[in-house]
């Protein structure tokens, strides 16, 4: 049995948005309310993670974060927030289709 999941992305950059499939729903933290079986993709370079506190349905284990490979602070903040699946931007987009499955 295949369980459908909704994929959300907090990705402000229009160029980066163009790399995603049409199934991904782009959202901001202000409008975010997550379904139980979700995947949330976060651009760690451009997202204030503190805005995710109190978001309905947010689970850090359902997140994948990406950032510039030199932005070590963004990766550390994500780990402090409980987001364990993080990767450099180039690796993320190189594996995007596999990550969305």
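Observations on the structure shown:
- Inter-label distance, nm, simple model (7 Å from Cα along the C-beta direction), residue 76/residue 5: 2.9
- Using the rule -39500 (n - 2.57) for each DSSP H run of four or more residues, divided by the residues of the chain, the 222 nm mean residue ellipticity is -5500 deg cm²/dmol.
- Three-way shape label, the stretch 48-101, alpha-carbon gyration tensor, a/c 1.5: oblate
- The chain shape via C-alpha gyration tensor axes, a/c threshold 1.5: rounded
All of the numbers you see were taken from the coordinates with simple rules; none came from a lab. Note that the structure is a prediction, hence the values are computed from the model and not measured. All Cβ positions, glycine included, derive from the backbone under ideal geometry; neighbour counts span all protein chains shown.
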